[in-house]
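Worksheet: the structure to be examined is printed underneath.
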Amino acid sequence: DAGVTQSPTHLIKTRGQQVTLRCSPKSGHDTVSWYQQALGQGPQFIFQYYEEEERQRGNFPDRFSGHQFPNYSSELNVNALLLGDSALYLCASSLGQGIITNEKLFFGSGTQLSVL
Amino acid sequence: QKEVEQNSGPLSVPEGAIASLNCTYSDRGSQSFFWYRQYSGKSPELIMFIYSNGDKEDGRFTAQLNKASQYVSLLIRDSQPSDSATYLCAVPTQGAQKLVFGQGTRLTINP
């Protein structure tokens, strides 16, 4: 049973470029959340997708957008990249939109994005 | 006031000693609390969760929760060099559908 998979594992971009990160949730999960973790900081919630719609959003600009496909996989898009977007991007999957418990939330290994 | 606060450290503890990590949170309605361990460049790994006031033990790890004081801690007994990592405290919020993380405490176990 595959867990949460993210691709690519590492990515280098330059300022102003656009990037797309991908996430496949754990088998049986239908909800995908994205987190950004800057160096030395805890992860920060970007948004959550459920039933192919953005359900919740954190304090991130519109340059950050996403999509969820019918197979529940998800993409995170970041436009007009800034140096400050350099971070580890984590995808987490869960089942439904109920209360998060230890049994429900699974993190992928992340994509390390470097913006030069 | 941040929703979840941790001392960023670094915290240095000799091998075999007890490492004590602390976390405070602002939402009195919070019901569950998670501790994650994160090695450099890796994703967070859930190591403990606690819902009830008091202590919860799992092997060398003990989580302590005091809801009245809005305080949760993690104790690591018989610390090993492999315990050297950043420890993140996380609290579900916004209808319990997202996790709010603290800044993390960097722990170093010295042989």
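The values are calculated or read from the model by the stated rules, or taken from the named source; none is laboratory data. Just so it is clear, the structure is predicted and the values come from calculations on it, not from any experiment. Note: ideal-geometry Cβ built from the backbone for every residue, glycine included; neighbour counts use all protein chains shown.
Numerical summary
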| read-out | value |
| --- | --- |
| So B:V4, is it under 30 Å from A:H10 (Cβ atoms) and under 15 Å from the mean Cα position of the chain (by Cα) | yes |
| The lone exception for A:L39 - which of (1) assigned to a loop (DSSP other than H, G, I, E, B); (2) surrounded by 12 or more Cβ atoms within 10 Å (Cβ to Cβ) it fails | (2) |
| From the options A:Q68, A:Q18, residue that is more than 14 Å from chain B (Cβ to nearest Cβ), surrounded by fewer than 16 Cβ atoms within 10 Å (Cβ to Cβ) and among the polar types (S, T, N, Q) | A:Q18 |
| Elements of type strands (runs of 3 or more DSSP E) contained in chain B, each with 2 or more residues being at the interface with another protein chain (Cβ under 9 Å from one of its Cβ atoms), under 26 Å from A:G58 (Cβ atoms) and touching a residue at least 60 places away in the same chain (Cβ under 8 Å) | B:4-6, B:33-38, B:85-93, B:98-101 |
| Residue in the stretch A:102-110 that is in a strand (DSSP E or B) and under 14 Å from the mean Cα position of the chain (by Cα) present | yes |
| B:S20 in contact with a strand residue (DSSP E or B) (Cβ under 6 Å, 6 or more places away or on another chain), buried (at least 17 other Cβ atoms within 10 Å of the Cβ) and at negative phi | no |
| Residues satisfying the stated conditions in the stretch A:60-83, i.e. farther than 20 Å from A:Q6 by Cβ and either in a strand (DSSP E or B) or touching a residue at least 24 places away in the same chain (Cβ under 8 Å) (or both) | A:A80, A:L82, A:L83 |
| Residue within the stretch A:23-34 that is more than 14 Å from every other protein chain (Cβ to nearest Cβ), modelled with pLDDT of 95 or more and assigned to a strand (DSSP E or B) present | yes |
| Residue match in the stretch A:28-47 (condition: farther than 29 Å from B:E5 by Cβ, touching a Gly at 6+ places or on another chain (Cβ under 8 Å) and in contact (Cβ under 8 Å) with a residue 60 or more places away in the chain) | yes |
| Residue check, B:Q64 under 17 Å from B:Y36 (Cβ atoms) and in contact with a Gly (Cβ under 9 Å, 6 or more places away or on another chain) | yes |
| Residue among B:R77, B:R28 that alone is within 21 Å of B:N7 (Cβ to Cβ) and surrounded by fewer than 19 Cβ atoms within 10 Å (Cβ to Cβ) | B:R77 |
| Residues of the stretch A:1-15 classified as β-branched (V, I, T), part of a loop (DSSP other than H, G, I, E, B) and surrounded by fewer than 19 Cβ atoms within 10 Å (Cβ to Cβ), total | 2 |
| Subset of the stretch A:42-59 that is buried (at least 16 other Cβ atoms within 10 Å of the Cβ) and in a loop (DSSP other than H, G, I, E, B) - its residue that is nearest to the other protein chains (Cβ to nearest Cβ) | A:G42 |
| Breaking point among (1) within 12 Å of another protein chain (Cβ to nearest Cβ); (2) under 18 Å from B:P92 (Cβ atoms), for A:Y89 | (2) |
